[in-house]
Amino acid sequence: MVDQLSLVMSTAVTLFSSIVLSYSGRYLAGYAYLPKFMLNGLLFSFAVILMVISNHIALFITAWLCMGLLMAKLIGEYTHTEESVGSKRTARNYFLMSAFFLSAGFIWLGYTTGFWHITNIVEASASADPSIIKLGGILLIIAAIIQSALFPFHRWLMSSMTAPTPASALMHAGFVNAGAVLLARVAPILFGSHLLWILVIAGGIGALIGKFSKFMQPNVKQKLACSTTAQMGFMLLECGLGFFAAAITHLILHGFYKAYLFLSSGDAIEQKPVISNEKESWNKWHLPVMLLSGAVGGLIFAFTTGKGLHLDSGLFLNLVIVLTVIHGSRDILKHSSLSRTTRLVTLPAIIIPALLVYAVVFELIDTLLTTIPMIQVATPLSWAQIFIGVLYLISFIVIELKLYKKSSRLYVYMLNVSQPKSNTILH
């Protein structure tokens, strides 16, 4: 199936893979397993491209399964330690579970509609009994949640730290994004069977758990893994809001950013004491500047994308933008080494171009995907959106005021939740 979505995703996958595999040739130079790693990396890239262009469910399932098995090899077949074997086994088991739910969902939908091509299934589901179609949709959502490493299926990602850094880049920049591609393909089914609220709850909670877990991690790769979980949660939340094009935009931008972070993770390691004595510099004028920055950021996003101007799910998306801008402005203002004037000038110089770039990419992807049904449809505000919105506001206050540092119970819980499998921890 060659359409805008498959072309956009194939281009992104090819670009990511080219960069990562080029990096791998230098990063792993001299290792005996380099040729095998490069071969599996290429096969993995082909499997991802096959998945995004597949229309027949048998081909889609086959590509999804091959993707998982090859990624399991990339995670744990090259360091030859007991921990890497454990990582490979853990990842493979989760990927097989994901393939099982994917197969069950598609087979159920194919059986109930009488078609075996995704486009035909989507069309036939519009006139089918929603209560029957709903089971297939739920099974596909579970497959996407496992693939995206969201709670409670996130342990495979936390346990993959034995993977060579290029494999981690491929995993975090491409593999975990397959869930969003799957959900975009079956978006009309999710709309018709009223299942978007599941994505709102699962994505919203998964994003929060990933965000809080990041604070508990002692090393850079674990922090990046928790960050990926948070980003995948938000990506599925965007699908739940009806903005599948926004999720694809998020997928591509996150892929670029996360691949860069993993490939440069060695430079991020700093020799710092475990307990830092650094203190943030705060003044009374910081809070009004942060709130004003958030309001301006929300207005820029609303008027450039049209999201947040009406009482629908676009309002929730704009709320997240506002909170993100406030958080970003805090990071700029807390640098006491800069003068007040420099900080006030730097703030709009960074935030406004970043928002405009995001809005332009967002609109470009939205325009490219206009022929895909139900890819960008705002939904009415629901109890699930309101619940997650309130939860986000509370969590935002907890994070900004660092209240999580004062709760031993929260710290221990998030530390335990984010722990990898014991047999995958390097000693």
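The values are calculated or read from the model by the stated rules, or taken from the named source; none is laboratory data. Predicted model only: the values in this text are computed from it and were never measured. When we count neighbours, we look across all protein chains shown, and the Cβ atoms used for this are built from the backbone with ideal geometry, even at glycine. Quick note on the areas: whole protein, heavy atoms, side chains included, nothing else; ligands and nucleic acids left out. Shrake-Rupley method; radii C 1.70, N 1.55, O 1.52, S 1.80 Å.
Values for this structure:
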| item | result |
| --- | --- |
| 3J(HN,Hα) from dihedral phi, region 31-37, Karplus parametrisation 6.51/-1.76/1.60, rounded to Hz, x for glycine, proline | 7, 5, 8, 4, x, 5, 5 |
| In nm, spacing of pseudo-spin labels at ILE350 and LEU299 (7 Å Cα→C-beta vector) | 2.2 |
| Positive-end residue of MET414, TRP64, ILE365, charge dipole of the chain with Cβ unit charges | MET414 |
| Over the chain: helical MRE at 222 nm, DSSP H runs n ≥ 4 each giving -39500 (n - 2.57), nearest 500 | -24000 deg cm²/dmol |
| Computed magnitude of the charge dipole of the chain (debye, nearest 20; Cβ of K, R +1, Cβ of D, E -1) | 1260 |
| Within region 192-219: backbone nitrogen closer than 16 Å to the LEU415 label point (7 Å, Cα to C-beta) | 212-219 |
| Heavy-atom accessible surface of the chain: percent carbon and sulfur, 1.4 Å | 69 |
| Centre separation in Å (Cα based) which lies between region 288-363 and region 103-117 | 44 |
| Relative contact order for the chain, counting Cα pairs under 8 Å that sit 6 or more residues apart, in percent | 18 |
| Backbone HN-Hα couplings from phi across region 47-55 [Karplus 6.51/-1.76/1.60, Hz, Gly and Pro as x] | 5, 5, 5, 4, 5, 6, 9, 6, 10 |
| By average C-beta atoms within 10 angstrom, highest first, the peptides 344-356, 28-40, 207-219 | 207-219, 344-356, 28-40 |
| Distance between modelled label sites at LYS405 and ASN93, nm, 7 Å Cα→Cβ extension | 3.7 |
| Phi-based couplings in Hz for region 56-70 (Karplus 6.51, -1.76, 1.60; Gly and Pro marked x) | 6, 5, 5, 5, 4, 4, 4, 5, 4, 5, 4, 4, x, 5, 5 |
| Two-site label geometry, LEU34 and THR341: point separation in nm, points 7 Å out along Cα→Cβ | 5.3 |
| With DNA, RNA and ligands ignored, accessible area of PHE191 (1.4 Å probe; Å², nearest 10) | 30 |
| Other-chain or far-sequence residues with amide H under 5 Å of SER418's (modelled H) | none |
| Rounded accessible area of VAL13 (nearest 10 Å², 1.4 Å probe) | 20 |
| 1.4 Å probe accessible area per residue over the chain, in Å² | 44 |
| Exceeding the 18 Å Cα-Cα cut-off - candidates LYS223/LYS258; LYS88/LYS223; LYS211/LYS334; LYS223/LYS421 | LYS88/LYS223; LYS211/LYS334 |
| Accessible surface ranking that places the most exposed of TRP64, TRP383, TRP285, TRP108 first, with a 1.4 angstrom probe | TRP383, TRP108, TRP285, TRP64 |
| Accessible area (Å², 1.4 Å probe, nearest 10) - ARG343 | 20 |
